Amino acid sequence: MFLNAVVIVLQEILEAALILSLFLAFVRYLNLENNDSVLRRRIWVTLSIIFGILLAWTYSHNFSRISDSFDYVGLEITNASIHSISCFFLVLFAWLLPPQQLIFDVSHRLLALTLCMGIVVMLAILREGSEIMQLVGGILNQGQAGPPIFYGGVVGAGIGVSIGVLLYYALTGLSKERSLRTCVLLLALTTGNMAAQTILLLNQADWLPFTPTAWDTGGLLSESSVLGQLAYALIGYEATPSIMQVGAYTLGLVIVLLSPISRLAWSTWHGKAS
Amino acid sequence: MSEPAATTKLRNTGIILSVIILLVAVSFIAQLARAETLEIELRIRDHLFFPDTLVIPANQKVRIRIFNEDPTPEEFESFELNREKIIAGNSQTVIFIGPLKEGEYFFFGEFFPKTAQGVVIVE
Amino acid sequence: MRSIRVFLATSIVSLLTLFNFVAAVQGYQSSMREADALFDNQMLDLALLVSNLDVSDERLRSLQLGDDLAFQVWQNDKLLAASANAPSVALHEFADGYDYANFNSYRWRTLARFDQVHEKWVFIAERMDLRFVLAENVVLQSVGPLLLGIPLVGLLVWAFVSRGLAPLRKLSSVLKAKPANDLTPIDFGDSRLELDQVVASINGFVARLGSAMDREKSFSADAAHELRTPISALKIQLHNLASTVDAETDAYRELQQGIDRMQHLIEQLLALYRSSAEQFNAKARPVNLLDIAQDAVARLYPEFERKNQQIAIEGDEQLGREIFTIYGEPFALETLLTNLLTNASRYTPLNGQIVVSLLRHSDKVILSVEDDGEGIALDDRARIFDRFTRLSGAQTGGVSGCGLGLAIVRHVADLHGALVKVTSSRFDTGTAFIVEFTIEGAVNNGKKDE
């Protein structure tokens, strides 16, 4: 039970930690902490985590009802909605990011940007938190395997949070240009991932027609391997994606990469940065 | 500077919207085709799958109806099938798989992977 | 503000946690594999034991092995013996080796062994869940302490990082406590390899800055002082000269004006160096700006009158005169006002208007001197406070000053932590000089002044 708990908790925490680290790196890039929004910045993180946990708790408590709805594919529909909303706000976030580094240019979009980040983090916590609650709540209530699950959860959470923290320091430790490029790229990959997940879930619910597998890289990098799981959690790696999933992934990726901020990231930085 | 950005944004919102509309339309068509789907049952008891081998025909969509008879939740997971779904204790659910090519597709219960294991054999 | 301490502590704890926990997972996996092999070996031993039992013994048929074990003995597709909990069908293929099977609602680890001597198959089964829980409990005994240690390690890392950065914090507090005008070397007893160069460099800069400032100050002050005597002598000589030559000639008048200008310049220079930071702090006390303004206007009144200029003082005294009290040095503030007023009078034509106004805005006292003169071009506004800056004739109306007046204004304002701004005046033309004092005035000037 120890290892299962590690794997499940790690996967979930890693996905949420990645998004949070990414946003915090963006916030730092935007120099928002120099603005008068220092308080608000701390608050949006805390608030979205709290709301996310509350939502996750509500989700877990209505789990059976949601699961039974839509002819027993309610979970897929709900999760697909959550993924597509996250995807939408990630795209909105990318397009709202100002193409200049000037603070005053940002301030009027600050609320909208903060809202986007808050919603995405909240939904990430909702998605990942509800699964952890299912595992921990469902199994602990039966009085089985308490310590192994507890230890496993702690180890999984510890590894996930550590990777998140180190990722944040890695992103912010890079030069401004590289940091921005990496952040934009990660944002694009995350968006693509969300879009592909939405398609997969709708496929699983049979709401979308079957499309053949695009390729099979299972021999190259197995999804069950440690590296494969890490890649799955970070960029949504699938060994055998369907054509429609690949299409959705590419669409999400491209829409983010078309945004003004990413054009700035790959422009030659004509002395715009101070 | 802001005006072309705004029009591009508008255009992209348009793309997203049309994709969503397309998805919804396609899903309705898919709903109509659902009746022909083959259905098989899978039970979870004492963290074991019964049967632990599901034999299905190739190139056919299959609805797996899973009954979890344990009080604990279980997560049906398969890397080969790209499927992942939590089933609450003492409840049932549905997962669609396929159409698939011939081969063996392993699945397991992510919450109790030591015992809950099975395979889908496509012939 | 990003903190070195938070960065070090969180990154170190994260790295430790990551490596420790990954190692724990690795340890768990390899221990579980070992345990698995151990259990498998035991099953093999059991199989050997069972194959040597006499299967004709009736007691063997009903043997209870406990919940977690089962066995079967087969010969020629016939079940010879089995434990009570074994299924009636073969629980394993008839092939040597280990496998898994589901029966009796459990998942079992199974072993098949063909006994060559007795020509029979022995099947052993062991319940996976029990065996797993047993192994896991043993393995977790060794993983547990690793997890509980992390919070302790975190606290220790925090403590050590704090301890390690203590000299840096000490240095920064020493620097913070150091008054701006204190140009003595830092006495930083806590020697560290990484900080010694910083301290040495700071002290080097401070020493060079101090000697440079001393040189400049003494040179200017001495020069000004030394020039006073010959100028005074020159004035007397000029006065005497008036009795022998025609004092009404242009040459004589220009000579007189030249000497007056030089005297003014020297007085200004002396004023500038009298109000340097170290003397300033000693003399600072509560000063009412309205009093200072009224005194200055009264003193300079003849000059306004000469040019027939209107001068007015505006100060909203509804809340009492005290609202214009700031903490500062009276002589320096007087010089500031005198210079602003002289300036205004000089660059405002005959019959012009000059307004001095005082405003209280929360903890700020805002002094402004406005005129309806030519005004100052936007491009010039930034540099008028530099020493010896004089603008071209068109804007000054041909009047020439010594170029130190506004430098002194800026200097005095800096000493008081005040902000000087130049904008257009309330009149159609003209300039407004605005000085924003805080009521603490000189108290926090240390950080801004260099």
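The values are calculated or read from the model by the stated rules, or taken from the named source; none is laboratory data. Being a predicted model, the structure only gives us computed values, none of them experimental. Cβ atoms come from the backbone with ideal geometry, glycine included; neighbour counts cover every protein chain shown. With ligands, DNA and RNA removed, areas are computed over all heavy atoms of the protein, side chains included. Shrake-Rupley method; radii C 1.70, N 1.55, O 1.52, S 1.80 Å.
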Hits in segment A:164-211 - residues which are among the hydroxyl-bearing types (Ser, Thr, Tyr) and within 14 Å of chain B (Cβ to nearest Cβ): A:Thr191, A:Thr198, A:Thr211
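So, A:Gly192, is that one at pLDDT below 90 and closer than 26 Å to A:Leu20 by Cβ or not? Give the derivation first.
Values: at pLDDT below 90: no; closer than 26 Å to A:Leu20 by Cβ: yes.
In short, no.
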task: Go through (1) modelled with pLDDT of 85 or more; (2) in contact with a helix residue (DSSP H, G or I) (Cβ under 8 Å, 6 or more places away or on another chain); (3) within 30 Å of A:Val6 (Cα to Cα) and name the single condition C:Asp68 misses.
output: (1)
query: Do any helices (runs of 4 or more DSSP H) entirely within segment C:180-289 hold 2 or more residues that are modelled with pLDDT of 75 or more, and if so, which?
result: C:193-244, C:250-274
- request: Under 7 Å between Cβ atoms, at least 6 apart or on separate chains: pull out the pairs that start in segment C:128-140 with a residue that is more than 10 Å from chain B (Cβ to nearest Cβ) and end on any residue that is in a helix (DSSP H, G or I) and buried (at least 22 other Cβ atoms within 10 Å of the Cβ).
  value: C:Val139/C:Tyr28; C:Leu140/A:Phe2; C:Leu140/A:Pro148; C:Leu140/A:Tyr151
Helices (runs of 4 or more DSSP H) contained in segment C:374-450 and holding at least 1 residues open to solvent by 40 Å² or more (accessible area, probe 1.4 Å), at pLDDT 65 or above and not charged (D, E, K, R): C:405-415
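Take segment B:99-123 and flag every residue that is touching a helix residue (DSSP H, G or I) at 6+ places or on another chain (Cβ under 8 Å) and more than 7 Å from chain A (Cβ to nearest Cβ).
Across segment B:99-123, the qualifying residues are B:Phe112, B:Lys114, B:Thr115.
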statement: Residue count, segment A:212-223, condition more than 10 Å from chain B (Cβ to nearest Cβ) and among the small types (Gly, Ala, Ser), comes to 2
statement: A:Pro260 fails exactly one of (1) within 12 Å of another protein chain (Cβ to nearest Cβ); (2) modelled with pLDDT of 85 or more, namely (2)
query: Of the numbered conditions (1) open to solvent by less than 20 Å² (accessible area, probe 1.4 Å); (2) part of a loop (DSSP other than H, G, I, E, B); (3) farther than 26 Å from A:Phe63 by Cα, B:Asp70 satisfies every one except a single condition; which is it?
result: (3)
field: Matching residues, segment A:70-93, being under 24 Å from A:Gly138 (Cα atoms) and within 11 Å of chain B (Cβ to nearest Cβ)
entry: A:Phe70, A:Asp71, A:Tyr72, A:Val73, A:Gly74, A:Leu75, A:Glu76, A:Ile77, A:Asn79, A:Ala80
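At least 3 residues that are over 20 Å from the mean Cα position of the chain (by Cα) and in contact (Cβ under 8 Å) with a residue 24 or more places away in the chain in each: list the helices (runs of 4 or more DSSP H) lying fully within segment A:174-274 that qualify.
Qualifying helices (runs of 4 or more DSSP H): A:176-204, A:260-266.
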task: Identify the residue in segment B:47-59 that is touching a residue at least 60 places away in the same chain (Cβ under 8 Å) and facing chain C (nearest Cβ under 10 Å) and, among all such residues, is surrounded by the fewest Cβ atoms within 10 Å (Cβ to Cβ).
output: B:Pro51
Qualifying residues in segment B:82-105 (those that are more than 20 Å from A:Gly74 (Cβ to Cβ) and in contact with a Phe, Trp or Tyr (Cβ under 8 Å, 6 or more places away or on another chain)) - the one surrounded by the fewest Cβ atoms within 10 Å (Cβ to Cβ): B:Pro99
- prompt: Does B:Phe96 count as of a type in the set (Phe, Trp, Tyr), part of a strand (DSSP E or B) and at the interface with chain A (Cβ under 8 Å from one of its Cβ atoms)?
  reply: yes
message: For segment B:64-91, which positions are free of Cβ contacts under 8 Å to residues at least 40 places away in the same chain, more than 7 Å from every other protein chain (Cβ to nearest Cβ) and within 18 Å of A:Ser67 (Cα to Cα)?
response: B:Ile64, B:Arg65, B:Ile66, B:Phe67, B:Asn68, B:Glu69, B:Asp70, B:Glu75, B:Phe76, B:Glu77, B:Glu84, B:Asn90
field: Residues of segment C:336-367 that turn out to be open to solvent by 10 Å² or more (accessible area, probe 1.4 Å) and among the small types (Gly, Ala, Ser), as a count
entry: 2
